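Written below as structure tokens is the structure these notes are about.
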Amino acid sequence: MVQLIVGKKGKGKTKHLLDKVNEQIKEVNGNIVYLDKSTKHMYELNNKVRLIDVSDFLVEDHAAFLGFVSGIISQDHDLQQMYFDSFLKIAHLEGEDITPAVEKLEKISKKFSVDFILSVSEDEVDLPEVLRDKVIISL
């Protein structure tokens, strides 16, 4: 399943994402990975959550990002959830339609039983209609 936390930059999406991941670590049996554009939030995450700074890797477009995500999944058969902070930035989708990327994540989710929770810097009304049912928090 793919879920979205949406709202313009500075509305508090990261806080909600961090709260959700730290709450879920107590409930899930598998592993959790948190992808971000830096390690800034390292000390706000439970130490059982694996933080990956995407900027450390040569991810230059959204296809490479999806390959990067698939690589992480292939190396961790106990992976249950992935959180993407600043999704538009880390996936190189700023100013682009995110629908194809989200649809591909949905296919990956179904095939490997990994849930994706994405922080997206857009208002809910600006999202394509097909993605609005995936919104869990709109700020």
³J(HN,Hα), Karplus 6.51/-1.76/1.60, whole Hz, each residue of region 55-66, x for Gly, Pro: 5, 6, 10, 8, 8, 10, 7, 5, 5, 5, 4, 5
For region 24-69: span of alpha carbons on each principal axis (Å, largest first): 34, 22, 10
Stokes-Einstein D (µm²/s) once Rh is taken as the Kirkwood radius of region 61-121 over alpha-carbon pairs, at 10 °C in 1.306 mPa s: 135 µm²/s
Solvent exposure, largest accessible area first (probe 1.4 Å, DNA, RNA and ligands not counted), of Arg132, Arg50: Arg50, Arg132
Cα-Cα P(r), region 99-139, percent of pairs per 5 Å interval: 5, 20, 32, 25, 12, 5, 0
Charge dipole (debye, nearest 20) of the chain; +1 at Cβ of Lys and Arg, -1 at Cβ of Asp and Glu: 340 debye
All lysines inside 19 Å of Lys107 as judged from Cα atoms, apart from same-chain residues fewer than 8 positions distant: Lys134
Interatomic Cα distance distribution for the chain, bins of 5 angstrom, percent: 2, 10, 22, 25, 24, 14, 4, 0
Distance histogram for region 1-47 (every C-alpha pair counted, 5 angstrom bins, percent rounded to whole numbers): 4, 17, 29, 28, 16, 5, 1
Across Lys11/Lys89; Lys13/Lys48; Lys8/Lys111, pairs whose alpha-carbon gap is larger than 28 Å: Lys8/Lys111
Amide hydrogen neighbours beyond the local backbone of Leu118, cut-off 5 Å, H modeled: Gln3, Leu4, Ile5, Phe84
Area of Ile136 that stays accessible when all protein chains are in place (1.4 Å probe, Å², to 10): 70 Å²
In Å², nearest 10: area of Phe112 left accessible to a 1.4 Å probe: 100 Å²
Solvent-accessible ranking of Lys13, Lys107, largest area first, probe 1.4 Å: Lys107, Lys13
Estimated inter-spin distance, Glu23 and Asn46, nm [label 7 Å along Cα→Cβ]: 1.2 nm
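The values are calculated or read from the model by the stated rules, or taken from the named source; none is laboratory data. This one's a predicted model, so the numbers in the text were calculated from it and none came from an experiment. Here the Cβ is made from the backbone with ideal geometry for all residues, glycine too, and neighbour counts use every protein chain on show. These area figures cover heavy atoms from the full protein model, side chains too; ligands, DNA and RNA do not enter into them. Shrake-Rupley method; radii C 1.70, N 1.55, O 1.52, S 1.80 Å.
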